[in-house]
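Here the structure is laid out as structure tokens; the discussion comes afterwards.
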Amino acid sequence: MKKHIAFLLATMLMATMACAQHGGGDKSKRPSPPASAACKFTDGKSIAVDYSSPRAKGRKIFGDVVPLGKEWRTGANEATTFESTANLSIGNLAIPAGKYTMYTIPGEKSWKLIINKQTGQWGTEYDEKQDLGRADMEVSKTSGPVENFTISFHEMGKGCHMYLDWENTRATVEIGEK
């Protein structure tokens, strides 16, 4: 009987820990809290990105915490969502209005933005077969250290620039409304 109770307690503890790790509880109290960014076009259509914002905490980020040349969830926790009410063009990539997830492949001199059709998954559950496509991103240095991973937009009428900033790196891509 004691073994059975110990097993049940251990199972409940593991389930509680898994729930907390994968989105249970108050998400604002996570080490990588939720964040969002949006771009509004002149015709009222928009792009919204929801992500979790990890902190650098004195660590080397790109090439260590975030490997170079491999798919990254572009944030933490759940996969970063990318939703648009407009048809978009990102480089040679055409994106129909809809909800997607966003991944990136960081590199020293260039990045790839990945728009993926799978939604609702944990960020590390990436399925390349679900890719809608990939687009090139430009890389530059930030003006100073960036502690919190941040996604932001600069609106430009029928388009916007999306910026991904962390550590001392900025990855940029231009997004246009079709």
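Values quoted throughout were computed directly from the atomic coordinates according to the rules given, and no laboratory measurement underlies them. Predicted model, so just to flag it, every value in this text is computed and none were measured. Positions of Cβ are generated from backbone atoms using ideal geometry, with glycine treated the same way; all protein chains shown enter the neighbour counts.
Mind checking which lysines have their C-alpha under 19 Å from K158, skipping anything on the same chain fewer than 8 residues away?
Within reach: K40, K45, K178.
Rank the residues S84, S36 as a footprinting-exposure proxy: fewest other Cβ atoms within 10 Å of their Cβ go first.
Least to most surrounded, the residues fall as S36, S84.
When the Karplus curve 6.51 cos²θ - 1.76 cosθ + 1.60 is applied with θ = phi - 60°, which whole-Hz ³J(HN,Hα) does each residue of region 150-159 get, with x for Gly and Pro?
Calculated HN-Hα couplings, in order: 9, 10, 9, 10, 10, 6, 9, x, 8, x Hz.
Can you tell me the orientation of helix 2-21 relative to the chain, as the angle in degrees between its alpha-carbon axis and the longest Cα principal axis, to the nearest 10?
10
How large is the Rg to Rh ratio of the chain when both quantities use alpha carbon positions and Rh follows Kirkwood? Walk me through the intermediate numbers first.
Numbers: Rg = 18.3 Å, Rh = 17.4 Å.
With Rg and the Kirkwood Rh in hand, the quotient comes to 1.05.
Can you pull the three principal axis extents for the Cα set of region 70-141, in Å, largest first?
Projected onto the principal axes, the Cα atoms of region 70-141 cover 30, 27, 21 Å.
In percent, what relative contact order does region 88-156 have, based on Cα pairs under 8 Å that are 6 or more apart in sequence?
It rounds to 28 percent for region 88-156.
What ranking do 100-107, 127-134 get when scored by the average of other Cβ atoms within 10 Å per residue, highest first?
Averaged packing, sorted descending, gives the order 100-107, 127-134.
Would you calculate a helix-derived [θ] at 222 nm for the chain, using -39,500 (n - 2.57) for each DSSP H run of n ≥ 4 and dividing by the full residue count, to the nearest 500?
-4000 deg cm²/dmol
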